[in-house]
Amino acid sequence: MGEPGSHCEILIVGGGLLGCATAWHLAKLGLKVLLIERGHLNAGASGQNAGSLHFQIERRFLEQGEKSAAEGARIVTLNRLAIAEWREIEDLLGRPLDIAMHGGLMVAETEAEMDLLAFKVARENELGLATQVLTGSEVRDRAPSLSPALAGAAWLAEEGHANPRILVDAFAQEARGLGAVIRTGTALTALSMARDGSYRAMLSGPDGEVRVDTPRVLLAAGHWVPRLAGLLGLNVPLYPAPLMMSVTDRAQPMLPYLIQHVGRRLSMKQTEDGNLLIGGGWPSRLARRADGTPDLDSPSSVEPANLRANLEVAARVMPALAQRALLRTWTGMTCISADQLPIVGEIAAAPGLFVAAGGSLFTLGPVLARLLSRQIAQGTVPEELKMFTPHRFAHLDAFAVLP
Ligand SMILES: Cc1cc2nc3c(=O)[nH]c(=O)nc-3n(C[C@H](O)[C@H](O)[C@H](O)COP(=O)(O)OP(=O)(O)OC[C@H]3O[C@@H](n4cnc5c(N)ncnc54)[C@H](O)[C@@H]3O)c2cc1C
């Protein structure tokens, strides 16, 4: 890791998708990068997630009414860039990443849900995303394994899925190849700003306690970002989202598409090996400390009622699922921001301190890492990142005291 007081041009905290992808881009841009991960790489949400590449406006924006849906629609511009990013990523990283982009259906079961889909598709089309509404019979022609009772769906040709178990390692290996130093088992334990505006970080790892001085820090630590920003007395409004995922035994190929539901929490896909992955944002139960406060360092636990509801809606949408055996259900923790959009960029009160977290950052991680690394290296905010700036929450740091 280096000697006490050692120096790097950027310290990246967190070895998930955001941290490792940004490390790779910054190393390519010639920066001396030190990335630390307190566990092993991909230990957080990046290795626990559903692997959905969903570019339609997510249901979570639609369920909060029209204002939220209109806000959520603004993310479509980034989603379009993300499509291009995912199309290129295997070539860029020079290896297969189990990416399948054969299309996605956001299904509807009722006429009210069809109205919501029509509203959503109209917003998406205005913003250049080529979603289209399909009738129930058109859905059946395209995906015969889905229920004949579906009222219809929104179709997007570019949606799909990728394997969350291999992507982060690919970024990390390429970053190391370009000189980035990556230390696992190494946690950020203290952070302060010196009078000259640079940062002093205390790291705890296999070599004991080490101090690192750096002009820039990126907090890419998922739901731990608020805690780490708190080391400087700063506030990043991200909230834990404990989720669940399930996987069935292997089946014959029956589902080439990503399935989501506009009115219910559901994501479903079939992997290359034939397993069906089922999720969609159903909460697991947060671990609690003895005093009742959330314990964000311990895994959340499966919530049986939510698991049942998740499987019921999945089997309703694809009846053949009822014949499959459930192999495993696991939990994972991600986070959402106060306005549901990712928080990516420089903290207004702390020049040189960057954050990247919140939202569906498997789908958006690669493109956000590319844009953020441009900002970090060149000092200007790319147009496409402006709506995600932490500056929109600058009022929360109005009472912070920094040197
Ligand atoms: C069950 C589930 C399903 C999901 N499904 C999807 C999906 O289908 N599509 C989608 O787009 N998104 C999905 N997401 C969200 C997505 O996984 C996350 O948005 C994304 O992985 C976040 O990546 P990250 O690199 O920001 O954070 P993480 O992957 O959480 O990485 C943060 C890392 O920081 C490390 N860290 C924390 N504190 C410290 C410290 N003090 N020092 C050093 N290291 C530290 C952690 O150990 C961790 O490895 C899902 C999430 C979950 C949990």
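Observations on the structure shown:
- Residue check for residue 355: of a type in the set (A, V, I, L, M), at negative phi and loosely packed, with under 15 Cβ neighbours inside 10 Å: no
- The one condition in (1) more than 17 Å from the chain's Cα centre (by Cα); (2) touching a residue at least 40 places away in the same chain (Cβ under 8 Å) that residue 91 fails to fulfil: (2)
- For the stretch 272-285, taking the residues that are touching a residue at least 24 places away in the same chain (Cβ under 8 Å) and away from the ligand (no atom under 13 Å from the Cβ), the one that is surrounded by the fewest Cβ atoms within 10 Å (Cβ to Cβ) is identified as 272.
- Pairs linking a residue in the stretch 306-331 that is in the same structural domain as residue 283 (by TED's automatic domain parsing) to a residue that is part of a helix (DSSP H, G or I) and within 16 Å of the ligand (Cβ to nearest atom), with Cβ atoms under 8 Å and 6 or more positions apart or on different chains, are 321/311; 321/314; 326/311; 329/307; 330/48; 331/48.
- Test: residue 243 is surrounded by 21 or more Cβ atoms within 10 Å (Cβ to Cβ), touching a residue at least 60 places away in the same chain (Cβ under 8 Å) and under 30 Å from residue 131 (Cβ atoms): yes
- Annotation for the stretch 161-183: no member residue is part of a strand (DSSP E or B), touching a Phe, Trp or Tyr at 6+ places or on another chain (Cβ under 9 Å) and away from the ligand (no atom under 16 Å from the Cβ).
- So residue 22, is it within 16 Å of the ligand (Cβ to nearest atom) and either part of a helix (DSSP H, G or I) or among the acidic types (Asp, Glu) (or both): yes
- When the residues of the stretch 63-81 are filtered to those that are part of a helix (DSSP H, G or I) and basic (Lys, Arg), the one that is farthest from residue 115 (Cα to Cα) is 80.
- Within the stretch 148-181, being touching a Lys or Arg at 6+ places or on another chain (Cβ under 8 Å) and of a type in the set (Phe, Trp, Tyr) holds for one residue alone: 155.
- Inter-residue pairs, beta-carbon under 7 Å, first in contact (Cβ under 8 Å) with a residue 24 or more places away in the chain and of a type in the set (D, E, K, R) and in the stretch 171-190, second in a strand (DSSP E or B) and surrounded by fewer than 22 Cβ atoms within 10 Å (Cβ to Cβ), 6+ apart: 183/205
- Answer residue from the stretch 297-344, given it is among the acidic types (Asp, Glu) and part of a loop (DSSP other than H, G, I, E, B) and is farthest from the ligand (Cβ to nearest atom) among those: 339
- Members of the stretch 214-224 that are surrounded by fewer than 23 Cβ atoms within 10 Å (Cβ to Cβ), under 22 Å from residue 26 (Cα atoms) and out of contact with any Ser or Thr (no Cβ under 6 Å at 6 or more places or on another chain): 214, 216
- Residue count for the stretch 192-231, restricted to those that are of a type in the set (A, V, I, L, M) and either more than 24 Å from residue 333 (Cα to Cα) or outside the structural domain of residue 35 (by TED's automatic domain parsing) (or both): 6
- Unmet requirement for residue 106, which otherwise passes all of (1) within 16 Å of the ligand (Cβ to nearest atom); (2) not assigned by TED's automatic domain parsing to the domain that holds residue 148: (2)
For (1) surrounded by fewer than 17 Cβ atoms within 10 Å (Cβ to Cβ); (2) under 30 Å from residue 145 (Cβ atoms); (3) within 15 Å of the ligand (Cβ to nearest atom), each residue gets a yes or a no:
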site: 207; (1), (2), (3): yes, no, yes
site: 233; (1), (2), (3): yes, no, no
site: 247; (1), (2), (3): no, yes, yes
site: 252; (1), (2), (3): yes, yes, no
site: 256; (1), (2), (3): yes, yes, no
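- For the stretch 25-62, the set of residues classified as near the ligand (Cβ under 6 Å from one of its atoms), more than 29 Å from residue 130 (Cα to Cα) and in a loop (DSSP other than H, G, I, E, B) consists of 38, 39, 43, 44, listed by residue number.
- With respect to the stated conditions, residue 200 is modelled with pLDDT of 95 or more, farther than 30 Å from residue 320 by Cα and within 16 Å of the ligand (Cβ to nearest atom).
- Some residue of the stretch 352-371 being touching a residue at least 60 places away in the same chain (Cβ under 8 Å), away from the ligand (no atom under 16 Å from the Cβ) and assigned to a loop (DSSP other than H, G, I, E, B): yes
- For the condition assigned by TED's automatic domain parsing to the domain that holds residue 267, away from the ligand (no atom under 16 Å from the Cβ) and either assigned to a loop (DSSP other than H, G, I, E, B) or in contact with a helix residue (DSSP H, G or I) (Cβ under 8 Å, 6 or more places away or on another chain) (or both), residue 121 does not qualify.
The values are calculated or read from the model by the stated rules, or taken from the named source; none is laboratory data. The shown structure was predicted, so the numbers you read here are calculated from the model rather than taken from an experiment. Neighbour counts are summed over all protein chains in view; Cβ atoms, including those assigned to glycine, are modelled from backbone coordinates with ideal geometry.
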